[in-house]
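Read the structure below first, then the notes.
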Amino acid sequence: MASKSKPSLRPGRGRQRKGVLAVDTHLGSYDRTDPFRAFSVLAGLLGSLASRLGGCQYKLTPEEHKLSLHLLTIVEPYIGGAPSQRTLITRQPTEILDAIVFHIDSKQDLLALASSCQRMHGIVIPRHLDYRVLRCKVSSISIWNHLIINRSLAKNVRRLEILDERTSVDALRIPGGIVGTDTDLESTDDELAMHEKQERYLVSALTKMTALNSFVWSCNHSPISIDNVWPTLLKCHSLSEVEIHDNMVFGPTSGEDSQAARSLVLPSVKTASFQSTKHIYGSCQNPELGRIKDMLNHCPNLEDLNISYARPRPPFAAHIPADELFLTFLSAHPSLEVLNLDISPIALYPNSLPRLRELTAHKDVTAAILSCPSEEPRPLETIKGVRLSGPCDAFLSSLKRFGGSIKRVELGGWNDMDDIRRLVESAPMLSWLDTGKKLSGGQNLAGVVEWANLLTALPELVAFHGVKFFYEASTSISMADRSRFRKNDEVASLLAWKCAKLRRVDHWEDGSGKVVVLVREKDGVKWEVRRVRQ
């Protein structure tokens, strides 16, 4: 019977030569649940090869070779990729687990990790999930004080939204542990001193958010403006998205930046949005782009820019005038790919916006950008926001001459079928067309046959929106529903016959999140109702 005793060394004859290890080569002598003994025997066996004499040096006997393979099969399950109870991640210290979760931004991933076990739930939910997105008011001093004191929690904030003071409490999103207010912090007799205190606490809390990715400012009715917060944001190099909803940002510049402020840049910012509000507070009768330009000068790698100005009342300017400095900015930022401009007609410098892919603007600005000379063709594929009303010759002419790469057009509205017909003639390679609503009032009198004949000129058209072709049809089996189903079948057959690639059109319900999809099969064309993401 084979012995199960531990291997022992036999003394050799030579004084300097190491002993030869005696190993039990019987495979059944080794317990599969004891990898430490298997590893010890394997290490001893391999270590003894150098001490063997003559041709036996560094060679295994057939029995030893078979034993070594058997020992590997015992050790491998405990050191392989499969998880083991001995190496569970939850056995790590809390500080290490917290540092691991710090690098997870997705809400779905955080929830999945929190549901894995009770310990991860106790780390993910109170320290990370509740802090990834914060929606607060400037007056929320207790929240700012909480973040100032707890730096380890402040660094877990990824998105911060500063809401208007008139926002309801339901829109707020704050961690559960600091729902209440701190009377000692918020009490003061001087209202002006209170605003200064709020600004001081907000700025101090921002300095602790070292991993902030997105910042949204919607505080339009407060003495505190974005100008007071912007110098602090310039020090947040992780920031990638800035969104400002404030009328005062379209006002005149408050003064020149210091040399230290001008030298600061936000290299990670890819998206910037500046939008006005419908409120009168802070509005300017003659809006300017000076402040916006000064902010954008700190964003050298900008790719997505949105500037939208909604005039609150008729005396205010319809569009923002574009000065030479702003045109210089557009020329000096070749990385811009998505542009949303609500400004007066411009005359760009040659070779401006060489990487532009998507443009949202009125027809005059769109025509100016299309006709701007460029050494290399712009990869412009999407045009949005154009209204086909009034004189459209300049826009349609520029689209026909320089819009060969346009694949998608989403209009802000239209007046006459002739304008749509001229648009189709100017951009015959469209794959997506959204006409928007009819601006002149009244219903669209054109029938499905007239529209189908018009869309025949778009051989690549896949999606068409803005006009409803299909009748409302329920799942009930009434005579009226059967008639509507037959009419819908006829409409689907006509559209599929006239437009070879058309697949998606409007549903009969507005805002339902549904579309009608044309499905081509061997026995004919069928239509289906499907939901789409909004």
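The values are calculated or read from the model by the stated rules, or taken from the named source; none is laboratory data. This structure is a prediction, so every number in the text was calculated from the model and none was measured. Positions of Cβ are generated from backbone atoms using ideal geometry, with glycine treated the same way; all protein chains shown enter the neighbour counts.
What's the total number of residues in segment 52-72 that are hydroxyl-bearing (S, T, Y) and within 15 Å of T25 (Cβ to Cβ)? Step through it out loud before you land on a result.
Looking only at segment 52-72, we keep the residues that are hydroxyl-bearing (S, T, Y), and these are 58, 61, 68.
Within this subset, residues satisfying the condition of being within 15 Å of T25 (Cβ to Cβ) are 61, 68.
Selection size over segment 52-72: 2.
Within segment 41-76, work out how many residues are part of a loop (DSSP other than H, G, I, E, B) and not small (G, A, S). First the steps, then the outcome.
Just the residues of segment 41-76 that are part of a loop (DSSP other than H, G, I, E, B), to begin with: 48, 52-53, 57-61.
From the residues that got through so far, the ones that are not small (G, A, S) too are 52-53, 57-61.
Residues meeting the conditions: 7.
Consider L458 carefully, then state whether it is in contact with a strand residue (DSSP E or B) (Cβ under 9 Å, 6 or more places away or on another chain) and more than 20 Å from V365 (Cα to Cα).
Values: in contact with a strand residue (DSSP E or B) (Cβ under 9 Å, 6 or more places away or on another chain): yes; more than 20 Å from V365 (Cα to Cα): yes.
Judged against the criteria, L458 is a match.
Do the conditions hold for T25, that is, is it of a type in the set (V, I, T), surrounded by 11 or more Cβ atoms within 10 Å (Cβ to Cβ) and at pLDDT below 80? Before you say what the answer is, go through the steps one by one.
Numbers: of a type in the set (V, I, T): yes; surrounded by 11 or more Cβ atoms within 10 Å (Cβ to Cβ): yes; at pLDDT below 80: no.
Taking the combined requirement at face value, the residue does not satisfy it.
Just checking, how many residues over segment 503-530 are exposed (fewer than 11 other Cβ atoms within 10 Å of the Cβ) and in contact (Cβ under 8 Å) with a residue 12 or more places away in the chain?
Matching residues across segment 503-530 total 1.
Please find, among L49, L42, the residue that is out of contact with any Gly (no Cβ under 6 Å at 6 or more places or on another chain), at pLDDT 50 or above and closer than 22 Å to P77 by Cβ. Explain how you work it out, then say what you get.
Values: L49 fails: closer than 22 Å to P77 by Cβ.
Among L49, L42, only L42 is out of contact with any Gly (no Cβ under 6 Å at 6 or more places or on another chain), at pLDDT 50 or above and closer than 22 Å to P77 by Cβ.
For every residue, the table says whether it meets (1) under 25 Å from A463 (Cβ atoms); (2) surrounded by fewer than 20 Cβ atoms within 10 Å (Cβ to Cβ).
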| residue | (1), (2) |
| --- | --- |
| L353 | no, no |
| K363 | yes, no |
| T366 | yes, no |
| P379 | yes, yes |
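Please indicate, with yes or no, whether at least one residue in segment 472-479 is modelled with pLDDT under 80 and not in a loop (DSSP other than H, G, I, E, B).
Looking only at segment 472-479, we keep the residues that are modelled with pLDDT under 80, and these are 473-479.
Applying the additional criterion that residues be not in a loop (DSSP other than H, G, I, E, B) yields 479.
Checked against the condition, which is being modelled with pLDDT under 80 and not in a loop (DSSP other than H, G, I, E, B), segment 472-479 yields at least one hit.
Within the group D130, D170, which residue is of a type in the set (D, E) and within 24 Å of the chain's Cα centre (by Cα)? Write out each step before concluding.
On the way: D170 fails: within 24 Å of the chain's Cα centre (by Cα).
The conditions single out D130.
Evaluate segment 171-178: report whether one residue or more is modelled with pLDDT of 85 or more, farther than 24 Å from V269 by Cα, in a helix (DSSP H, G or I) and out of contact with any Ser or Thr (no Cβ under 7 Å at 6 or more places or on another chain).
yes
Counting only residues that are over 18 Å from F102 (Cα atoms) and of a type in the set (V, I, T), which one in segment 157-167 is farthest from the chain's Cα centre (by Cα)? Give the derivation first.
Residues of segment 157-167 over 18 Å from F102 (Cα atoms): 161-167.
Keeping just the survivors that are of a type in the set (V, I, T) gives 162, 167.
On the way: I162: 19, T167: 25 Å.
Looking at residues that are over 18 Å from F102 (Cα atoms) and of a type in the set (V, I, T), I get T167.
Out of everything in segment 29-39 that is within 53 Å of the chain's Cα centre (by Cα) and closer than 14 Å to L69 by Cα, what residue ends up being modelled with the lowest pLDDT? Steps first, please.
At the first step, the residues of segment 29-39 found to be within 53 Å of the chain's Cα centre (by Cα) are 32-39.
Next, from what is left, pick out any that are closer than 14 Å to L69 by Cα: 32, 35, 38-39.
Numbers: R32: 80, P35: 86, A38: 88, F39: 89.
Only one residue fits best here, namely R32.
Does segment 390-431 hold any residues that are touching a helix residue (DSSP H, G or I) at 6+ places or on another chain (Cβ under 7 Å), among the charged types (D, E, K, R) and surrounded by 17 or more Cβ atoms within 10 Å (Cβ to Cβ), and which are they?
Passing the criteria: only R422.
Only residues that are of a type in the set (S, T, Y) and modelled with pLDDT of 90 or more: list them for segment 387-408, please. Break it down stepwise before answering.
We begin by selecting, within segment 387-408, every residue of a type in the set (S, T, Y); these are 389, 397-398, 405.
Of everything in segment 387-408, those that are of a type in the set (S, T, Y) and modelled with pLDDT of 90 or more turn out to be S397, S398, S405.
Kindly indicate whether V467 is in a strand (DSSP E or B) and within 24 Å of I420 (Cα to Cα). Quick ask: steps written out before the conclusion?
Numbers: in a strand (DSSP E or B): no; within 24 Å of I420 (Cα to Cα): yes.
Criteria not met by V467.
Can you name every residue in segment 315-336 that is surrounded by 17 or more Cβ atoms within 10 Å (Cβ to Cβ) and either under 18 Å from V269 (Cβ atoms) or at pLDDT 85 or above (or both)?
Those that are surrounded by 17 or more Cβ atoms within 10 Å (Cβ to Cβ) and either under 18 Å from V269 (Cβ atoms) or at pLDDT 85 or above (or both): F326, F329, L330, H333, L336.
Of the conditions (1) part of a helix (DSSP H, G or I); (2) of a type outside the set (F, W, Y); (3) buried (at least 17 other Cβ atoms within 10 Å of the Cβ), I162 satisfies every one except a single condition; which number is it?
(1)
Taking the conditions exactly as written (more than 23 Å from G176 (Cβ to Cβ) and loosely packed, with under 11 Cβ neighbours inside 10 Å), does G54 satisfy them or not? It would help to see each step written out before you state the result.
On the way: more than 23 Å from G176 (Cβ to Cβ): yes; loosely packed, with under 11 Cβ neighbours inside 10 Å: yes.
Yes, satisfied.
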